[in-house]
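Heads up, the thing below is written out as structure tokens.
The values are calculated or read from the model by the stated rules, or taken from the named source; none is laboratory data. Quick caveat, the model's predicted, so the values are computed rather than measured. Cβ sites come from the backbone with ideal geometry, for glycine too, and all protein chains shown count toward neighbours. Keep in mind that these areas ignore ligands, DNA and RNA; they rest on the heavy atoms of the full protein, side chains included. Shrake-Rupley method; radii C 1.70, N 1.55, O 1.52, S 1.80 Å.
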Amino acid sequence: MSDRERSKSRDKGKDEPEATAEATVESDTDMEVLDDLLDEIDEVLEENAEEFVKNYVQKGGQ
Amino acid sequence: MAIHKVLGTETEYGIVVRGDPGFNPAAASSLVVNSYPGARVKVQWSYEEESPGRDARGFGHDTYGLIDSEGAVVNSVLANGARLYVDHAHPEYSSPESYDPLEAVLYDKAGERVMHQAAVVASETSGRQVSLYKNNSDGKGNSYGAHENYLLSRETPFGDVIRYAIPFMVTRQIFTGAGKVGRENDRPDVDFQITQRADFFEEQVGLETTLKRPIINTRDEPHSDPARYRRLHVIIGDANLSEVQMFLKLGTTALMLAALEDGAIPDPLDLSDPVEACWQVSHDLSLCRPIQLDGGGSATALELQGRYLEWFAKYVEKELDEPVWNQLIEEWERTLALLETEPMQLADTLDWVAKKRLFGGYVARDGLEWSNPKLRALDLQYHDVDPEKGLYHRLVARGEMRTLYTDQQVEDAVSTPPQRTRAYFRGRCVSDFPDSLVAANWDSLVFDVGGSHLKRVPMMEPLRGDAERVGALLDEAEDAADLLRRLEG
């Protein structure tokens with residue numbers, strides 16, 4: 001096992017008891033942030049996605 | 001000791017003229033390049049000095065794809081030392097030569113701003129909205145490049161470069177990919193993959209850049225003293241929006257090449273089938289797929305990158321103990337550790353993870369299939385250089401992606417050249433003597449100062465022509481003729 005892996009597994013052991021609870025809280029928060037983000041992006045999103053995608057053609061590249 | 005890894009990037013931008021699906025991309029690209037409002041000089045790019053058909057393996061055919069008369073029409077050198085021009089059907093920005101990977105990120109980002117400013121003016125003058133995208137694929141089987149360039153010693157055998165670089169290039173994709181919805185080029189179907197480019201790579205080694213693309217491109221065009229240097233022209237990477245990711249891509253690759261030159265890579269890690277592994281790594285979102293090794297056995301891309309990290313952390317400690325390389329090792333360590341345990345935590349630094357989180361959010365919220373055009377539209381829009389429309393920019397504005405530079409720093413880099421390479425001389429000449437500059441190339445500038453002959457200033461050493469050597473001289477020169485007298489004296 002390398003030094004890096006050793007220190008990682010040591011850290012894991014140390015944080016284990018709280019890790020699960022923290023992860024749940026974090027993912028709930030991220031869901032809220034993500035919902036908010038999607039709402040914002042809806043505002044700027046290309047109006048006709050299908051046509052936009054269809055017309056996006058790029059020939060002659062390296 | 002390895003030679004200093006001077007480096008730079010060249011990016012072809014995707015282009016769209018709204019409301020005009022039949023637009024001519026070469027004409028639109030010319031319009032964009034001509035519209036750039038910042039400091040620049042339109043020059044003749046000295047094609048006779050370039051030889052993209054020369055092959056590093058030794059069997060050159062010099063006329064291969066050499067001169068494109070259309071492309072030669074629109075060429076400019078910017079005050080930051082960059083080249084802005086039309087490459088066939090795309091506007092392209094080639095960054096000035098940078099001293100280290102952190103600086104290379106700054107000047108690549110400056111290119112996005114240059115393109116955006118050019119698109120704004122092009123839209124105003126044409127009355128049509130011109131949009132530019134920093135990506136590498138149209139989702140229909142057409143790809144365009146984001147190339148990287150690294151200075152190598154001519155003494156490094158090119159066979160070694162090929163052998164050692166291939167496994168590195170294939171495995172680095174796990175942290176260099178910009179993400180893509182779907183697959184192309186007849187690869188197996190997939191909802192989403194790590195990179196934009198992997199599907200297009202069909203050879204291990206070759207001179208081509210537009211078809212049958214090779215993992216290692218053999219173009220031998222050093223743009224510097226050919227007796228001393230090579231330039232490794234890397235064509236397999238994605239265009240990145242994330243600054244941290246670009247730092248990782250450029251930094252780890254420069255480090256790999258330096259370690260190679262110093263004999264500090266203990267094992268080439270030969271892969272059984274690098275071309276297959278290339279797209280397989282890109283398609284494997286689990287990051288668990290084993291790659292067959294040539295000597296028997298297998299390992300994942302992540303495991304192989306772990307080995308490089310271990311070797312190069314030691315190499316940096318011993319040979320390159322400088323802040324930029326220590327920062328790189330730290331970022332690389334964090335990235336590999338999180339890719340192993342919680343990859344989604346890297347949504348703040350890796351384009352592909354940021355996209356996966358975002359698109360996954362849409363799939364969940366709106367119950368979309370991955371084949372829905374809305375996801376492909378989101379995919380394209382992530383790369384829009386317009387800060388209002390580009391989804392990457394929206395993520396940064398919300399504080400959801402980490403940057404390395406402030407807006408002001410990027411803005412300054414549009415008009416100020418790197419201080420420690422020959423780009424300094426080029427950029428200062430654009431700012432100070434624009435009327436006298438008539439032609440340029442990476443390794444020379446040509447001036448018209450009256451008289452019967454044009455005067456050519458060769459710049460064959462990438463680290464000369466820097467601020468320390470020529471700053472005072474440029475400050476003191478009254479005009480270009482005076483500058484040339486002082487350079488001769």
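Label zone of B:S272 (point 7 Å out along Cα→Cβ, amide N under 12 Å): in the range B:287-308 this covers B:290-299.
Here the range B:369-489 is treated with +1 on each Lys and Arg Cβ and -1 on each Asp and Glu Cβ, and its dipole about the Cα centre works out to around 440 debye. Taking every protein chain into account, the 1.4 Å probe leaves B:K42 with about 120 Å² of accessible area, to the nearest ten. Only protein atoms count toward the accessible area here, which uses a 1.4 Å probe; on chain B, the carbon and sulfur part of that area reaches 47 percent. Placing +1 on each Lys and Arg Cβ and -1 on each Asp and Glu Cβ, with no other charges, gives the range B:84-143 a dipole about its Cα centre of roughly 340 debye. Of the residues B:V105, B:A467, B:V396, the one whose Cα sits farthest toward the positive end of the charge dipole of the protein assembly as shown, with +1 on the Cβ of Lys and Arg and -1 on the Cβ of Asp and Glu, is B:A467. Bridging of B:K212 to lysines at a Cα separation below 30 Å is possible for A:K54, A:K59, B:K5, B:K109, B:K134, B:K140, B:K180, B:K249, B:K355, B:K356, once same-chain residues fewer than 8 apart are set aside. Per residue of peptide A:40-52, the mean number of Cβ atoms on other chains within 10 Å of the residue Cβ is 6. Restriction of the GluC sites (Glu not before Pro) in the range B:320-378 to DSSP coil positions whose beta-carbon has at most 13 other beta-carbons within 10 angstrom yields B:E369.
Counting Cβ atoms of other protein chains within 10 Å of each Cβ in B:360-367 and taking the mean gives 3. Remark: chain B carries 36 Å² of accessible area per residue (probe radius 1.4 Å; ligands, DNA and RNA excluded). Candidate membrane-span-like segments in chain B, meaning DSSP H helices with Cα atoms spread over at least 20 Å of their own axis and a Kyte-Doolittle mean of -1.0 or above, are B:101-126, B:158-176, B:243-261, B:301-319, B:323-341, B:351-366, with no membrane implied. FRET efficiency for the B:E310 to B:D448 pair, using the beta carbon distance and R₀ = 51 Å, is estimated at 0.40.
Under a model in which nothing but the beta-carbon of Lys, Arg (+1) and Asp, Glu (-1) is charged, chain B shows a dipole of about 700 debye around its Cα centre.
Restriction of the GluC sites (Glu not before Pro) in the range B:413-489 to DSSP coil positions whose beta-carbon has at most 10 other beta-carbons within 10 angstrom yields B:E478.
Extension gain for the segment B:E203 to B:R334, taken as residue separation times 0.36 nm less the Cα-Cα distance, is 44.0 nm to one decimal. Assuming a ≥ b ≥ c are the square roots of the Cα gyration tensor eigenvalues, decide whether the range B:132-258 counts as rounded (a/c under 1.5), prolate (otherwise, with a/b larger than b/c) or oblate. The shape class here is prolate. Other protein chain C-beta atoms within 10 Å of residue C-beta, averaged over B:369-381: 4. Overall form of the range B:438-489: oblate. Here a/c, set by the Cα gyration tensor axes a ≥ b ≥ c, is 1.5 or more, and a/b is not larger than b/c. Between B:R402 and B:V324, the distance separating the two model label sites (each 7 Å from Cα on the Cα→Cβ line) works out to 1.9 nm. Other residues with beta-carbon under 10 Å from the beta-carbon of B:R422 carry, at +1 per Lys or Arg and -1 per Asp or Glu, a net charge of 0.
Using a ≥ b ≥ c from the Cα gyration tensor of the range B:193-278 (square roots of the eigenvalues), is it rounded, prolate or oblate, where a/c under 1.5 gives rounded and otherwise the larger of a/b and b/c decides, a/b for prolate? Cα axes put the range B:193-278 in the rounded bin.
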